[in-house]
Amino acid sequence: QEVAVITPYLAQPGTQFYVDGFTAEGEERGWTVNVIDTAGDVGAVISRIEDVVTQGVDAIVINVDPAQVGAGLATAADAGIPVVGMDAGSHPDVAANVTSNGYAMAAETAVYVANRIDGEGAVVMFTFDPFPPVQVRGVIADAVFANFPDIEVIDRITPDVSDGGIADSRAQMEALLAANPEPGSISAVWAAWDQPALGALQAIEAAGREGEGIVITGIDANPQARDAIAAGGNFEASVAQDFEGIGATTAETVARLLAGEELRQRVIYVPTELVTAANAAE
Amino acid sequence: MSGAAGRTGEAPVLHLEGLSRRFGQVQALDRVSLTLRGGEVHALMGENGAGKSTLIRLMAGLDRPDAGRMALDGAALPPGAPAAMRAAGLRFIHQELHAVRGLSVAENMHLDHPYPRRAGLVHWRALNRAAAEALARLGVTDLDVRRPMTDLGTGQQMIARIAATLIDDAGAGDRPAWLYVMDEPTAALTGEEAERLFEVIGGLTARGAGVLYVSHRMPEVLRLAQRVTVLRDGRHISTLPLAETGQERIIREMTGRDLSALFPERGPDPRGAPVLEARGLSAPGLHGIDVTLRSGEILGVAGLAGAGRGALLRALMGTLPRTGTVTLAGAPLGRTPAQAWRQGLAYIPRERRSEGLMLRRAITETVSLPHLARLSRAGLWLSPRRQREIAERLGRDVRLKAASVAQACEELSGGNQQKVLFARALAGRPRVLLLDEPTRGVDVGAKFDLYRLIRGLAAEGVAVLLASSDLPEVLGLADRVLILHEGRLAGERETAGMTEADLLAAIYGARAA
Amino acid sequence: MRAGLRRFGGLAGMVAIVLFFAVSLPDTFLTARNLLNVTQQVSMLAVVAATMTVVMVMGDFDLSVGSMASLAGVVAAMLFVAGWSIPAALAGALAVGLLGGLFNGVMVSLVGILPFVATLATLTVFSGAAFLISDGRTIFGRDIPEAFGAFARGGPQVATVDDRALLLPNLTLVALAVILVVWVVLEQTTYGRRLYAIGGNREAAVLAGVPVRALRLSAFAFTGVGAAVAGLMYASRVASANPTQGDGLMLTAIAAVFLGMTLTRDGQPRVLATMAGVLTLGVLDNGLTQMRVDSYLREVLVGAIILAAVGLSAMGRRGLRGRG
Amino acid sequence: MRAGLRRFGGLAGMVAIVLFFAVSLPDTFLTARNLLNVTQQVSMLAVVAATMTVVMVMGDFDLSVGSMASLAGVVAAMLFVAGWSIPAALAGALAVGLLGGLFNGVMVSLVGILPFVATLATLTVFSGAAFLISDGRTIFGRDIPEAFGAFARGGPQVATVDDRALLLPNLTLVALAVILVVWVVLEQTTYGRRLYAIGGNREAAVLAGVPVRALRLSAFAFTGVGAAVAGLMYASRVASANPTQGDGLMLTAIAAVFLGMTLTRDGQPRVLATMAGVLTLGVLDNGLTQMRVDSYLREVLVGAIILAAVGLSAMGRRGLRGRG
Ligand SMILES: Nc1ncnc2c1ncn2[C@@H]1O[C@H](COP(=O)(O)OP(=O)(O)OP(=O)(O)O)[C@@H](O)[C@H]1O
Ligand SMILES: Nc1ncnc2c1ncn2[C@@H]1O[C@H](COP(=O)(O)OP(=O)(O)OP(=O)(O)O)[C@@H](O)[C@H]1O
Ligand SMILES: [Mg+2]
Ligand SMILES: [Mg+2]
């Protein structure tokens, strides 16, 4: 049996891991897994769905918001080919969506920050609203910080993510540090994913202000972030999604559909874990 | 010093043997052989497209012959190697004027040879000094060689390029410069500037150097050359000592026909009522000009370079902003080129390649461009057939030599390119024809065709304004001549009975005044 | 004759690509459904490339089309959010395209900035504006009227194949309409002929009475509107709008025009040739995906095929002019 | 004189920007630390823009520099993964830059494809290759040698300010070295002057026997190596490599060159002018961020400022030539 995985976001580390998890599990089951990367172009995802429907695959896995590729989903539904979301979103034409709970992850790191700075101080947020799953994280963090009267969000930065976000986040953080030279004028950096957190860390270290106790958190716990957290510096916490688990669970879900099973639960959450210096090395 | 070859007593000899070169369907050169020596001026003549420039490009190593060889004093020269030709002592001034934008005069003068260097880097002072010294040999001492070349007028640019060949830069083991090849060097020069060039040529040959001189200007050739070679349709027709050849013979060999005179006969005076009247016409470079142009009249416009001849035509066409009143047959003349064309003005610009032709496009497209609205249905929907028919008919009228009207203009010779622009001007059945140097770089045969065309138009009542720096042309064609000086009208004369000396005196007299 | 060979060489290459896929994918490639699908997939590119042809005919470029497409989509979406009706919102987005195009035209033809620079700067401006207006978000879901997203999914039914309706996609129809308009304007009117004249020799065109400034200005406006149309088509297709979604169209559209230029006499841009270029790129993407060619290898192949086509054409052209 | 005014106008504009930030951000902008930081932030752009200047001097473009930068970074990273030493891996990546540049040069100068098309196609090819080699992934963490990432973080200490070491960043030094090389080559050697001659009048250069083909070929090779250097700098700065990280450099580099051209006599590209353009863009980003200008608005502002600078310069230039 043949399964096509169509994603515009393969260059991002998280995507890589769940595609790996999916491929491994799928190949174990004897499938041919065809991974198609449209390099950021969501419209092309529809085109490629149409192409693999024409080609006649048995199932399709996507990781974009299904609302945006409705035309392709309709084509697949028309041809009776099941579509499963891998960290995608819910949609009538998507049999199931396998993902982490983004609300919970953002709440976990935002609360971590609030607690570490004792509910008071200036916080810098790095967010990215164009990407819905990340946008959700920003909303939750906004709510958490708004709930602490003495926390002030001094900047909510959307970095240029064409390179994943490290370089521009660093440049922006450098500028902010320059604009706020007094020690203690920035208490924490909350980032909606790891790359900006790493960029902020580099900026703080390059400015020689690592001693001010600025708390940094990210989300995703990618290896570079884990290294940084394990090193015990300003980057203190991130949340690990179980990417490979998402991939594997997606494969299982596809297998159940191919076996003809009717799915009742259409959103399947895979558990996450807060990563701090205590468990980063694992 | 360059041109030192004569000292050995034996002048160097360059043999060109059986050179052929073909471009697509055109056999541009067909087994041409030629021998060039130091110590003399050798003129190369031929109609447009005869193959003169092609031969020169082969000599310069810019192109390779399909067959044939070149040898200097018996030793073969490699084809297609510009550096080797330089090392053999050859220097070139190519036909089209080529100033490099953004480089100084001195750098432009060093285009074809290395800059002076110090420690591997450019030695700017030596560079400027070499350029200034070369210019001084042409008597130019007041030119700052660090200025951008494009700031200079065309004449001065040409002087600088001529001077560039005089820079003494033969490398170790190279033969000193001994043969100067000049492809229409005077086309852009004023009389005064040309005189200075002729002096330099005299100096070069006196020192034993040779000159291969291409020009369509018969008087220059008669005056300068010792021998003349004529090419026709890519073939060598003759090489003769000039003493044994008269102008008629050269023209006959070039054209293959007898042209008893350079200008067609004058008919009865065709001048009628005033058509174009300008009062107090001013524009950038023009101050308060009054002109009346009658139907059937050919009105020459003469003056020194920059006197405003071109500006006068451009102001009338509306490409220069103007003030003052201009009327055409009593009605005010529009202020944009589109209106001017529509009202019956037709314009042939000075630089045909850059200002007139769409070089890569079909002849038809250039011919129909100003008349599109008229040649289309409802002024909007194209009628390709009608455009093609017009182009074909006018092509015949102007004796255009082209494979078809679908041919690209860049494949035509200079004279035929100019005829395309005449066809374009005639397509609108003009009332007034504005000509800016209409025969520059055009051979005698084609010139005669164009002159006859202009005469014929005048006889039909078209008024012609002819701006030209070719004095015989002004005297031979025009009924009357305007003399401009620094943008002002400095005189207005009937040409009947006027000699070239009179006209020159008038032009220079205007300056003295 | 040689020119003919060269052009037919280009066409032959395109036919060869189609034949190759037809043979490699006998059951799925040359089906009406698949081919209609390809036309739909390339419809947005076709619109941008067709109107890009209008400026490239004059020897100009418009680098801002991609970000204009994104901007138009975002504008329409925000107008939906603000409660405008679909026609009103579309009109608003097209007006933005027109204004943006006019702005490009003013910069290029009145101010006199090189098109490359002017539209590079407006690329940044439009893109920034799209982010500003949308606040960087993707606008989707309930904010986008059902009918708007449904448009791209619909189309008149032309047949029933295997019990499934075969639609002539609406997007394909829109693209055909735009192509037709551009073809008529460029090939059948004096307006278009004058644009070609500007490309042939700008100075000569001025002296021949062509109102070069006005024409360049209007041509850029044309391209701006085309980009906006494509942006709306894209937004309809993905039933959402985000501030970067059209960005990829620009380079691909320029590539398609250049690919098409290999097919024309004299190497001028022509809209039908551009469409051949667009279809070639679309067929390559479709066929290579169906053949399960790795998407990265596909990218390399597409680049290599463009190079081969343009390179062969350039060499043919040069041969024609002699060895100079 | 008017030309002078125009040029000084451009320079004055740049100075005005700096002054504006100096006044608005009195404590933080004009500090040695911040300025050194800006030089480091723009160092990669500076390298790409400087070598881009080399081809733009001839009137050509290289659109493939961004994807070449990405490719070089990925190549180095994959060589690290394969166990190569740092110098060997860097040499490998630079060799890829050289080969890619030569390939561009061959396409442009021997095959005769327009630089715009040729490098658009190789942009796709290089980018596809970067994806293929890296399998579309970001290579980071343990795969990248410590010393490689440390390089970008280090630099000779020049002073101690507020008890903190003030470093002259290594990346800034690399950029300065590249700029110096490009300056000497373009301004002080016959080779460079010939490139200017090609740009000033290609036909004249051909007639003068300038080996135009060989020079264009070599200039593209130069630019390819420059792009690879920038890609390595980028990879070092982010201590990782992914197949798209350099892509943004291309348009920005071209914008910087054009911005610089507003400062030069005759509007030619010159490397020092390009650097003024690069610094202007860098200062704008840095200053506007410090002033907490919304990042989207920042984008719009940067585009508008480019337009204003180039537009004023174009109008000045045109005024100079009359209303023609
Ligand atoms: N690169 C080329 N490609 C095609 N045809 C060419 C090329 N160069 C020259 N020709 C043709 O070769 C012939 C000879 O041209 P050439 O320029 O040598 O003439 P010429 O004697 O210098 O004429 P003129 O007096 O007008 O300068 C012409 O028919 C011309 O059209
Ligand atoms: N666009 C312009 N703006 C300002 N001055 C101009 C413009 N065009 C021409 N002039 C001025 O007009 C004068 C004559 O113009 P130009 O250099 O074109 O010579 P011309 O009119 O062609 O003269 P001629 O044909 O007699 O050689 C010059 O002094 C020139 O500076
Ligand atoms: Mg000639
Ligand atoms: Mg001639």
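The table for this structure:
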| read-out | value |
| --- | --- |
| Largest-first ellipsoid semi-axes for segment B:32-131, taking √(5λ) over the Cα gyration tensor eigenvalues, angstrom | 29, 17, 13 |
| Rg to Rh quotient for segment B:231-306, alpha carbon positions, Kirkwood Rh | 1.23 |
| Distance (nanometres) between label positions extended 7 Å along Cα→Cβ at D:Val158 and D:Ile86 | 2.2 |
| Spin-label model distance (nm) - B:Asp397 vs B:Arg196, 7 Å beyond Cα toward Cβ | 4.3 |
| Value of Rg/Rh across segment A:191-282 [Cα atoms, Kirkwood radius] | 1.19 |
| Shape box of segment B:358-429 [Cα atoms, principal axes, largest first, Å] | 36, 23, 16 |
| Calculated log₁₀ intensity ratio I(q)/I(0) where the Debye formula runs over C-alpha points of segment D:168-269, q = 0.16, 0.20, 0.22 Å⁻¹ | -0.87, -1.20, -1.32 |
| Check: chain C dipole with +1 on Lys, Arg Cβ and -1 on Asp, Glu Cβ, in debye | 1100 |
| Two-site FRET efficiency, B:Val13 against B:Arg117, from Cβ-Cβ distance with R₀ of 22 Å, rounded to 0.05 | 0.05 |
| Ascending list, in nanometres, of distances separating the C:Asp27 label from those of the other copies (7 Å, Cα toward Cβ) | 7.3 |
| B:His94, B:His15, reordered so the largest accessible area comes first (probe 1.4 Å) | B:His15, B:His94 |
| Segment C:165-205 versus segment B:441-490: alpha-carbon centroid distance in Å | 44 |
| Buried accessible area, chains C and B (both chains, 1.4 Å probe, Å² to nearest 100) | 2400 |
| Inter-chain Cβ neighbour average for residues B:279-285, partner chain, 10 Å | 1 |
| Inter-label distance, nm, simple model (7 Å from Cα along the C-beta direction), B:Arg386/B:Arg69 | 6.1 |
| Highest to lowest packing among C:10-22, B:460-472, scored as the average C-beta count within 10 Å | B:460-472, C:10-22 |
| Where N is the number of residues in chain B, Cα Rg divided by 2.2 N^0.38 Å | 1.02 |
| Globularity ratio of segment A:126-207, using Cα Rg and 2.2 N^0.38 Å | 1.08 |
| Normalised per residue, the volume of the convex hull around the Cα set of chain A (Å³) | 116 |
| For the pair C and A, total buried accessible area rounded to nearest 100 Å², probe 1.4 Å | 2500 |
| Per residue, in Å², the accessible surface of segment D:212-313 once ligands and nucleic acids are set aside, probe 1.4 Å | 25 |
| Inter-chain Cβ neighbour average for residues C:230-239, partner chain, 10 Å | 4 |
| Whole-angstrom gap from segment D:253-271 to segment D:15-78, using each part's C-alpha centre | 14 |
| Along principal axes, Cα extents of segment D:62-213, largest first, whole Å | 61, 42, 23 |
| Values of log10 I(q)/I(0), in the order q = 0.14, 0.20, 0.23 Å⁻¹, for segment A:1-86 under a Debye, Cα-only, solvent-free model | -0.41, -0.86, -1.12 |
| Enclosed volume per residue, in Å³, of the convex hull spanned by Cα atoms of segment B:409-481 | 85 |
| Whole-angstrom Cα spans of segment C:12-106 along principal axes, big to small | 50, 38, 16 |
| Of D:Gly267, D:Gly100, D:Gly209, the one that fluctuates the most in a GNM where chain D has Cα springs shorter than 10 Å | D:Gly209 |
| Innermost chain C residue relative to the axis carrying C onto D, by Cβ distance in angstrom | C:Phe116, 4 |
| Per-residue average of Cβ from other chains inside 10 Å of C:20-29 | 1 |
| Relative contact order [Cα under 8 Å, 6+ residues apart], chain B, whole percent | 15 |
| Using a 7 Å Cα-to-Cβ projection, D:Gly59 label spacings across copies, nm, ascending | 0.9 |
| Mean shadow area of the protein assembly as shown over all directions, Cα convex hull, nm² | 56.2 |
| Ellipsoid semi-axes in whole angstrom, largest first, where each is sqrt(5λ) of the Cα gyration tensor of segment B:95-172 | 19, 13, 12 |
| Convex hull volume of segment D:2-323 per residue (C-alpha atoms, cubic angstrom) | 150 |
| Distance between segment B:348-389 and segment D:97-162 - C-alpha centres, whole angstrom | 48 |
| FRET efficiency for B:Asp151 and B:Thr336, using Cβ-Cβ distance with R0 set to 25 Å, rounded to 0.05 | 0.30 |
| Two-site FRET efficiency, B:Arg129 against B:Ala206, from Cβ-Cβ distance with R₀ of 25 Å, rounded to 0.05 | 0.50 |
| Globularity index of segment B:195-328, i.e. its alpha-carbon radius of gyration over 2.2 N^0.38 Å | 1.55 |
| Max mean-square fluctuation residue, GNM over chain A, Cα-Cα springs under 10 Å, options A:Ala67, A:Ala192, A:Ala76 | A:Ala67 |
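The values are calculated or read from the model by the stated rules, or taken from the named source; none is laboratory data. Only a predicted model underlies this, so the values are computations on that prediction, with no experimental measurement involved. Here the Cβ is made from the backbone with ideal geometry for all residues, glycine too, and neighbour counts use every protein chain on show. Protein only, heavy atoms only, side chains kept; ligands, DNA and RNA dropped before computing areas. Shrake-Rupley method; radii C 1.70, N 1.55, O 1.52, S 1.80 Å.
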